[in-house]
Amino acid sequence: MNVYICPVCRSPLDDTGKTMRCKNGHSYDISAKGYVNLLRAGKTQRGDDIEMISARRRFLSGGHYAPLCLALCDTVKSIPYETLLDAGCGEGYYTEQICALFDGRQIYGLDISKKAAEKTSSLCKTAHICAASAYDMPYDDDSFDIILNVFSPLALDEYKRVLKHGGRLVMAVPNPNHLIELKQAVYESVFVKEMKSTALDGFDLMNERCVEYKMELSNSELKDLFMMTPYYKKTGMKDKQKLDSVDCLDVTASFTVFDYVRNN
Ligand SMILES: C[S@@+](CC[C@H](N)C(=O)[O-])C[C@H]1O[C@@H](n2cnc3c(N)ncnc32)[C@H](O)[C@@H]1O
Ligand SMILES: [Zn+2]
């Protein structure tokens with residue numbers, strides 16, 4: 001089954017092994033690492049840079065988010081599916097574990113960062129990985145049984161388009177007290193935000209599961225963790241340097257895993 005469509009003319013893409021090509025002659029090379037770049041030329045593409053990607057890889061390989069990964073895999077295992085898309089897959093920590101769950105399932109991953117797509121494709125040899133925006137996905141309508149979203153932009157209209165009828169959105173979001181001790185170590189005052197409404201247009205919530213525990217983190221782990229958060233780039237040097245004097249810290253990890261079904 002080929003779900004890829006051309007980002008320019010939206011015709012189906014044929015995969016020749018080294019290239020993907022549409023009937024109108026648009027072609028896209030599959031990189032040596034195995035991902036295909038389907039980013040629209042001329043659009044400003046943001047996404048995580050190599051510094052953030054490397055920090056996340058170091059931090060995640062320490063197993064600190066393994067309980068979350070387990071909860072996500074349990075949720076995915078409870079759903080019958082053939083095709084799953086990890087939307088905003090980063091450097092593939094969760095994608096790899098999902099690929100290891102079963103043989104024969106079609107696992108796709110997409111990230112706007114080429115570096116992230118490259119890392120995921122070198123880690124997940126059986127998965128189909130591309131660089132593209134979640135807001136303009138190079139997939140045909142009704143392609144996936146499950147979309148996985150772990151801390152990534154929520155492109156609901158595109159999710160509804162590419163999910164099959166009755167398809168599921170499995171989504172991990174941080175709870176208001178997630179990383180509270182890290183924030184307190186960096187900022188003068190920290191506001192604990194209210195939990196947002198769980199309602200999503202076009203989806204019904206089937207299940208939710210809270211995953212909460214403490215992580216005992218060394219100085220370098222704290223710095224990697226901070227660097228992989230969206231706060232890092234918005235924080236001034238003076239505040240960032242406060243972490244230099246923290247040897248180790250017990251930090252709360254708190255997430256909710258939501259399981260939604262597409263309802264129209
Ligand atoms: C916080 S990271 C999470 C990565 C991965 N899911 C994880 O938890 O390890 C968010 C990811 O979304 C990607 N991203 C940001 N904007 C995007 C977009 N418009 N389309 C696709 N990916 C996007 C970033 O490049 C980054 O890899
Ligand atoms: Zn085309």
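Any read-out appearing in this document is the output of simple, stated calculations on the displayed coordinates, not a laboratory observation. As the structure is a prediction and not an experimental result, all values here were calculated from the model. Note that we place each Cβ from the backbone using ideal geometry, even for glycine, and neighbour counts take in every protein chain shown.
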Those aspartates and glutamates that a straight Cα-Cα span of less than 16 Å connects to LYS233, excepting residues fewer than 8 apart in one chain: ASP48, ASP49, GLU51, ASP224
Over the chain: helical MRE at 222 nm, DSSP H runs n ≥ 4 each giving -39500 (n - 2.57), nearest 500: -7500 deg cm²/dmol
Using θ = phi - 60° and Karplus 6.51 cos²θ - 1.76 cosθ + 1.60, couplings along segment 234-251 (whole Hz; Gly, Pro as x): 8, 9, x, 4, 4, 5, 4, 5, 4, 5, 4, 8, 9, 5, 7, 8, 8, 10
Of GLY90, GLY42, GLY166, the one that fluctuates the most in a GNM where the chain has Cα springs shorter than 10 Å: GLY42
Approximate shape of the chain as ellipsoid semi-axes (Cα gyration tensor, √5λ), whole Å, largest first: 33, 21, 17
Segment 108-264: projected area of the alpha-carbon convex hull, averaged over directions, in nm²: 10.6 nm²
With Cα atoms, 0 to 90° folded angle of helix 114-123 axis to the chain main axis: 80 degrees
Phi-based couplings in Hz for segment 167-172 (Karplus 6.51, -1.76, 1.60; Gly and Pro marked x): x, 10, 10, 9, 9, 9
Loop trypsin sites (Lys or Arg not before Pro), segment 1-103 (other Cβ atoms within 10 Å of the site Cβ: 16 or fewer; DSSP): ARG10, LYS18, LYS23, LYS33, ARG40, LYS43, ARG46
Residues with amide H under 5 Å from that of PHE203, placed H, sequence gap 5 or more: ASN263
Amide H contacts of LEU163 (H built 1.01 Å from N, under 5 Å, at least 5 apart or other chain): ASP142, SER143, PHE144
Acute angle (nearest 10 degrees) that the helix 50-61 long axis makes with the longest principal axis of the chain, alpha-carbon atoms: 70 degrees
